[in-house]
1. Taking the simple approach of a point 7 Å from Cα along Cα-to-Cβ for both Ala8 and Glu63, what is their distance in nm?
2. When we measure straight from the Cα of Lys130, which aspartates and glutamates land under 17 angstrom away, once same-chain ones fewer than 8 places off are left out?
3. Where the centre of each part is set by its Cα atoms, how far does the range 40-58 sit from the range 72-130, in angstrom?
4. As a test of the formula, what do you get for the chain when each DSSP H run with n ≥ 4 contributes -39,500 (n - 2.57) and the sum is divided by the residue count, at 222 nm and rounded to the nearest 500 deg cm²/dmol?
5. So I have (i) 209; (ii) 181; (iii) 115, and one of them is volume of the Cα convex hull per residue in Å³ calculated from this model. Which one is it?
6. Would you list which aspartates and glutamates come within 13 Å of Lys87, measuring only between C-alpha atoms, while excluding same-chain residues fewer than 8 positions from it?
7. From the backbone phi of the range 131-140, what are the Karplus-calculated ³J(HN,Hα) couplings (6.51 cos²θ - 1.76 cosθ + 1.60, θ = phi - 60°) in whole Hz, Gly and Pro given as x?
8. Taking Lys125 as the anchor, which lysines have their alpha carbon closer than 25 Å to its alpha carbon, excluding any fewer than eight residues away along the same chain?
Amino acid sequence: MPENSTWAATGWIVAAIGFFGIILRLVGPWRKQITETEERLRKELADALTAERATNAATLSSERAAHAAELRQHALDRDEMGDRIDKLERMLDRQQIRHNAERSLDRHRLNNINQCFDALLLLLKANPEKSAEAVAMIEDMRAKQLVAEAEEKAIIRAAEIARDEGENDHDGN
């Protein structure tokens, strides 16, 4: 029996050596397969990253172009609003000047009317018998005042028209 155990141990050793030989023989192809698989995975990952970068670059480029267009539109809108504000300010200044001129003209007219009324009362008190002459003098005075007021209004209106024409030439309209 001891001989059988030696043979059994020898059989086991031969089997183990054969098993290790087979495993060693398979290690070479396994290494090659692992290397090829790693190379293939690295290439696929590199291709995927390149495609992702290209997609991101295209998206970023289109977003930048859209943002630049939006900024240009905002700048145009801002410039247009600035022009409109300037135009409105000029119009408001013209209206204020016109209003002040009209107020001055109205004060002048009121003073003229007061003067005529005061002159009529003075003439009637001083000489009530000559009331018809006094009324005629006041009417003549008032007619001259109305002509002067009409001339003042015409001068103001002519100045407004000249300013508007000058402004239209300046604006290119």
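Read-outs: derived from the displayed coordinates by stated rules, not from any lab. Quick caveat, the model's predicted, so the values are computed rather than measured. As a convention, Cβ positions derive from the backbone with ideal geometry for all residues, glycine included, and neighbour counts pool all protein chains shown.
1. In this crude spin-label approximation the distance works out to 7.5 nm.
2. Asp118, Glu139, Asp140
3. For the range 40-58 versus the range 72-130, the Cα centre distance is 76 Å.
4. -36500 deg cm²/dmol
5. (ii)
6. Lys87 reaches Asp79, Asp164, Glu167, Asp171.
7. Per residue, the Karplus-derived 3J(HN,Hα) values read 5, 5, 5, 4, 5, 5, 5, 5, 5, 5 Hz.
8. Lys144
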